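Throughout, read-outs are computed from the coordinates displayed, never taken from laboratory work. Only a predicted model underlies this, so the values are computations on that prediction, with no experimental measurement involved. Ideal geometry is used to build each Cβ from the backbone, glycine not excepted, and the neighbour counts take in all protein chains shown.
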Amino acid sequence: MNNKIKLAVAGAVLSAASIANAGIIIPAGDWTLDINGNVNAFASFGKGESNDTNSTVSGGLANYDDASGEDKSYGINTGLLPAWLGFTGSTRQNDVDVSFTISFQPNVSDNAGTGDSLTPLNRQAFVTFGDKSWGTVKLGKDLGVFAGTAILNDMTLLGVGAGGYYSGGVTTYGGIGTGYIYPAWRGQVAYTTPNMNGFQATIAITNPDQGTAGTGVSATAANGGYYAERFGIEGQVSYSWTGDVAGKVWASAMNYDRNGGDRTAANTVGAAAAAWGVDDYTTSAYDLGATITSGNLNLVAYYYNAEGAGTTLNALGSDGVYWTSATNAKERDSDGGYLQATYVIPTGTKLGVAYGVSRLDKASGEANSTLLDKNERWTVGAYHPLTKHLNLVAEYNSIDSEAQSSAHQLENDSFSIGAILFF
């Protein structure tokens, strides 16, 4: 499987060692084409509970339908990975390795009566060029650098994780929002150093205009919205080693500066007013992670700390910023991480258990009892290679969402069973 399709690679790494190492390889003159991807689907059942039928947790990932009194849900959905079809072409010209990757992701989860209302995702379109002696340059859209390694090591990448009880979602959440912030798919210009005896680093400038403004402030340019002060900056350093006990340690970070811009009386929220400006604010984060493999045992430990980034989707400003008024912003702090252990038993089945948590702090002076305090997740999973391409998957996930006030708590337990095919 081509190593440019990062999520598909991660699935292959997490599954049994018998998974194919390449997609469909086609020689084409000076080029080598690789057609690769996956198809997956899961039947999921969920049951929600609340300490109060009127409980609300803003930013909570546990599900409980207190409006109708129904606390059970069913769905046939894609998992954390969408169905995937990728095309990569590679060649070497003038002593430079050159490649392109284009992919799209059809939908499995669709609640429409006709079953065809969801738009396919388009997550990758980039070129790379470089050489092992001086590194690689990437230009285009691909997985973000910050928190990218965290999601690639999440065992629920082969399965469902959080959100499996929602029918009709494009994908489930996996460990997103319960252990790490979603790295998202970003336009970027990135440079990765050559591998220097296990050490490697990546630095990238990224598209700065992804995300939504805070509550009560429009994100559209016509309504003032917000504007980037500069490109986003993301980077990672890592060290990998092999041997009887192999592993990798890494650290990554990101930083975005936001400027709310000016608004006119016609563009204010709620009531007319004189022209005014919105506070600048910063979204920043760092993380630390390690994965170690000894024989059939693999362990992962991960931690992140953020300001102005929220807990789930890194939608710059969403949940991460408290607007004290229509013009004044304060960043909220957040942190979290996950611990994970997997073991391959003699049948080839990978058994795993994981615990993850994402916490959100109120900003100074904020009084918001229903704002998320933390999302917690327990996952127990079994991933069995029925063939070298096909894995059967069974997962149990327990999600707890607690608000800043203990009067608002939600819990959801779900069980999913399905399969994921890599090619």
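What to note about this one:
- Partners for Lys72 among lysines (Cα-Cα distance below 21 Å; same-chain residues under 8 apart left out): Lys47
- Summarising the amide proton neighbourhood of Gln124: residues at separation of 5 or more, or on other chains, whose placed amide H is nearer than 5 Å comprise Ser103.
- Phi to ³J(HN,Hα) by Karplus 6.51 cos²θ - 1.76 cosθ + 1.60 over the stretch 183-193, Hz, x for Gly, Pro: x, 6, 10, 10, x, 7, 10, 10, 10, 10, 5
- Loop-located chymotrypsin sites (Phe, Trp or Tyr not before Pro) across the stretch 96-139 with a Cβ neighbour count of 12 or fewer within 10 Å are Trp134, with loop assigned by DSSP.
- Peptides 295-305, 79-89 ranked from most to least packed give 79-89, 295-305, packing being the mean of other C-beta atoms within 10 angstrom over each peptide's residues.
- Karplus 3J(HN,Hα) series, Hz, for the stretch 245-254 with 6.51 cos²θ - 1.76 cosθ + 1.60 (x for Gly, Pro): 10, 9, x, 8, 10, 8, 9, 9, 7, 8
- Sites matching trypsin sites (Lys or Arg not before Pro) across the stretch 126-204 that sit in DSSP coil, with at most 12 neighbouring C-beta atoms within 10 Å: Lys132
- Amide hydrogen neighbours beyond the local backbone of Tyr173, cut-off 5 Å, H modeled: Ala162, Gly163, Gly164
- Rounded to the nearest Hz, the phi-derived 3J(HN,Hα) couplings of the stretch 413-419 under the Karplus curve 6.51 cos²θ - 1.76 cosθ + 1.60 (θ = phi - 60°) are 10, 9, 10, 10, 9, x, 8, where x marks glycine and proline.
- Applying a DSSP loop filter and a limit of 15 other Cβ atoms within 10 Å to the GluC sites (Glu not before Pro) in the stretch 325-383 leaves Glu366.
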